[in-house]
Amino acid sequence: MTRGTTNPNRLRRMDRWIAATHGPALRRHADPPVAVDLGYGAAPWTAVELLARLRRERTDVEVVGVEIDPERVAAAQPYARDGLTFVRGGFEVPVTGRPLLIRAANVLRQYEEPRVWPVWERLCGRLAEGGLLVEGTCDEIGRRHAWVALGPEGPRTVTFAARLGSLERPSDLAERLPKALIHRNVPGEPVHAFLRDFDAAWAGAAPYAPLSARQRWTRAVRALVGDWPIVDGPRRWRQGEVTVAWSALAPRD
């Protein structure tokens with residue numbers, strides 16, 4: 001069981017990215033798609049917000065909040081409504097059929113690193129065809145995020161997202177790396193090299209800071225494109241995001 005810490009709008013950056021990148025799959029799905037908020041915590045805000053954000057993409061999407069603590073499930077029941085239910089469970093994901101989306105935010109952070117891959121494999125095994133698992137962490141009020149996106153075949157990308165006005169340098173996001181990467185932020189590991197290069201690009205983009213932090217971030221990301229497989233574009237960069245191919249940041253062993 002997680003600590004259960006949650007706040008309204010904590011996962012807004014992750015949700016915004018999910019809607020932008022996974023929205024087409026939600027709209028194409030033949031049946032009403034099911035999304036799972038795994039480990040939503042002591043209060044159901046994140047599941048309530050996920051339903052509202054995904055219904056902008058498809059009006060018949062259903063969200064299931066899954067928690068292992070029966071008291072949390074009971075406390076969430078007054079928030080249940082059409083398209084939103086709460087059930088007790090864990091990594092088995094006890095929902096009917098296969099979900100098109102599983103979001104697990106701030107869940108695996110408390111586990112040991114060797115546990116991550118078996119959990120990823122188990123969760124990916126529950127996905128529908130074309131499904132997505134988003135697993136990562138953020139700070140208490142959602143200013144800094146990092147997450148891994150995975151399909152049934154395994155990890156695809158790593159996304160960094162921030163409220164840019166609160167960011168001194170990109171490597172500040174290292175403290176929010178997902179469990180699979182947080183202990184790899186050391187010399188010799190790809191994620192360390194990426195954050196080092198990102199800091200250097202950020203410093204080089206300092207002349208754009210008077211224009212806005214968004215301009216500086218965009219210029220810094222653009223400077224990385226030649227050396228790192230950045231898989232998104234300026235539209236996402238302007239949101240304070242950057243997404244990198246997993247293969248470039250994956251641990252060496």
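Here are the numbers for the structure shown:
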quantity	calculated
Normalised per residue, the volume of the convex hull around the Cα set of segment 11-161 (Å³)	103
Most positive-pole-ward Cα, Q215, S171, I230, against dipole of segment 164-239 from beta carbon charges	Q215
Whole-angstrom Cα spans of segment 164-239 along principal axes, big to small	35, 25, 20
GluC sites (Glu not before Pro) within segment 1-95: DSSP coil, no more than 12 neighbouring Cβ in 10 Å	E92
Inter-label distance for A75 and T59, nm, one decimal - labels placed 7 Å from Cα along Cα-to-Cβ	3.5
Magnitude of the charge dipole, segment 112-253, Cβ model with Lys/Arg +1 and Asp/Glu -1, debye to 20	520
Alpha-carbon centroid distance for the pair segment 167-218 / segment 44-87, whole angstrom	34
Max mean-square fluctuation residue, GNM over the chain, Cα-Cα springs under 10 Å, options G65, G125, G39	G125
Debye, to nearest 20: dipole size of the chain, +1 on Lys, Arg Cβ, -1 on Asp, Glu Cβ	800
Of the DSSP H helices in the chain, those whose Cα atoms cover at least 27 Å axially and whose Kyte score averages 0.0 or more	none
The chain: calculated mean residue ellipticity at 222 nm from DSSP helix runs of at least 4, using -39500 (n - 2.57)	-9500 deg cm²/dmol
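The numbers here are math on the coordinates, done by the rules we state, and not lab data. Computed from a predicted model, the values in this text were never measured in an experiment. Cβ atoms come from the backbone with ideal geometry, glycine included; neighbour counts cover every protein chain shown.
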